[in-house]
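Written out below as structure tokens is the structure these notes cover.
The values are calculated or read from the model by the stated rules, or taken from the named source; none is laboratory data. None of these values were measured; they are calculated from a predicted model. Cβ sites come from the backbone with ideal geometry, for glycine too, and all protein chains shown count toward neighbours.
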Amino acid sequence: MSLTISFMESLLVITNTFGFIAIIAIVVGIVFSKKQQTSEGLIKAIQFATWKHRDQKRKSIGDIPYIIHPIRVCQILIENGCGYNLPLLQAALLHDTVEDTDTTLDEIDDIFGVIVKRLIEEVSDNKSLPKEQRKRLQILNAEDKSHDAKLLSIADKIANLEDLSSGPRGIPIGWTIKRVQDYFMWAKRVHKGLRGQNKRLDKCFNAIIKGQFEYFDGNNYPKIDE
Ligand code: ZN
């Protein structure tokens, strides 16, 4: 009898152990296949964006390839806890392709799917409008954007503000001190409608909006004229 119980107990332990191992194996499998999908999805977006921006450079001093900017936007999202959201990261890498290259939204839809397409649609300006109107619309429309579009827009602004703060190599050629300060003030107004989605991103934005930026002459100037 005791032998039977011990056998039954052993069987139960083995079954439980194997059941547990099976569950762990399934979870690990899901995590790895998810990681694999994320890596493949990111590489696909980097490859597409690099090709589309292949002839473009940043507007600042030096031959800095444009693709540096969308990669930095994607990195800011990952650094602030959005690394799990593949469509958002892909949209970050692709966010300027429709606005600044021959890429169409249909092309994005075909290759990356409708979620990425919608996100890019939300963060792309209408280039047929005058620049000042486009900037006004960004302030007016910020609050109505989706959660992910808000995250992407904040990360985009942070990347641009980082460039402007970084000294001569990050400031577009021909920009005056006032123009840099105006950009900071405008970004702050847009952020008012975008904030409240991700504390870390907001903190990152607020940190960069305060303080000084270094201009071409090596002097420091206030970012906000107030
Ligand atoms: Zn951008």
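I'd like the residue in region 178-226 that is basic (Lys, Arg) and in contact with a strand residue (DSSP E or B) (Cβ under 9 Å, 6 or more places away or on another chain) and, out of all such residues, is farthest from LEU151 (Cα to Cα).
Checking each candidate, the answer is ARG179.
Select from region 146-175 the residues that are polar (S, T, N, Q), in contact with a Lys or Arg (Cβ under 9 Å, 6 or more places away or on another chain) and within 10 Å of the ligand (Cβ to nearest atom) and list them in ascending order.
Once the filter is applied, which keeps residues that are polar (S, T, N, Q), in contact with a Lys or Arg (Cβ under 9 Å, 6 or more places away or on another chain) and within 10 Å of the ligand (Cβ to nearest atom), region 146-175 yields only SER153.
Scan region 187-214 and report the pairs whose first residue is within 18 Å of ILE171 (Cα to Cα) and whose second residue is among the β-branched types (Val, Ile, Thr) and in a loop (DSSP other than H, G, I, E, B), with Cβ atoms within less than 6 Å and a gap of 6+ or a chain change.
Final answer for the pair search is none.
Between a residue in region 142-168 that is of a type in the set (S, T, N, Q) and any residue that is within 15 Å of the ligand (Cβ to nearest atom), which pairs come within a Cβ distance under 6 Å, given they are 6 or more apart or on different chains?
SER153/VAL123; SER153/LEU194
What residue, of GLN197, GLN181, GLN133, is away from the ligand (no atom under 16 Å from the Cβ), part of a loop (DSSP other than H, G, I, E, B) and over 20 Å from ALA45 (Cα atoms)?
One residue alone meets the criteria, GLN197.
In region 1-46, how many residues are under 30 Å from GLN75 (Cα atoms) and modelled with pLDDT of 75 or more?
15
Residues checked against (1) more than 15 Å from the ligand (Cβ to nearest atom); (2) among the β-branched types (Val, Ile, Thr); (3) in a helix (DSSP H, G or I); (4) over 12 Å from the mean Cα position of the chain (by Cα):
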{"site": "ILE71", "(1), (2), (3), (4)": "no, yes, yes, no"}
{"site": "GLU79", "(1), (2), (3), (4)": "yes, no, yes, no"}
{"site": "GLN90", "(1), (2), (3), (4)": "no, no, yes, no"}
{"site": "LEU93", "(1), (2), (3), (4)": "no, no, yes, no"}
{"site": "GLU99", "(1), (2), (3), (4)": "no, no, yes, yes"}
{"site": "ASP102", "(1), (2), (3), (4)": "yes, no, no, yes"}
{"site": "ASP110", "(1), (2), (3), (4)": "yes, no, yes, yes"}
{"site": "GLU122", "(1), (2), (3), (4)": "no, no, yes, yes"}
{"site": "ASN126", "(1), (2), (3), (4)": "yes, no, no, yes"}
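Out of ASP63, ASP55, which single residue is in a loop (DSSP other than H, G, I, E, B), away from the ligand (no atom under 13 Å from the Cβ) and closer than 22 Å to THR104 by Cβ?
On the way: ASP63 fails: closer than 22 Å to THR104 by Cβ.
Answer to the check: ASP55.
May I ask you to list the residues in region 184-194 that are among the aliphatic types (A, V, I, L, M) and away from the ligand (no atom under 16 Å from the Cβ)?
Taking region 184-194 and keeping what is among the aliphatic types (A, V, I, L, M), we get 185, 187, 190, 194.
Residue satisfying the conditions is MET185 alone.
Name the residue that is surrounded by the fewest Cβ atoms within 10 Å (Cβ to Cβ), counting only residues in region 113-133 that are of a type in the set (Lys, Arg) and at pLDDT 95 or above.
Only one residue tops the list, namely ARG118.
Take the conditions under 13 Å from ILE76 (Cα atoms), assigned to a helix (DSSP H, G or I) and not aliphatic (A, V, I, L, M) and apply them to ARG189. Does it pass? I'd like the intermediate steps shown before the answer.
Numbers: under 13 Å from ILE76 (Cα atoms): no; assigned to a helix (DSSP H, G or I): yes; not aliphatic (A, V, I, L, M): yes.
Answer is no for this residue.
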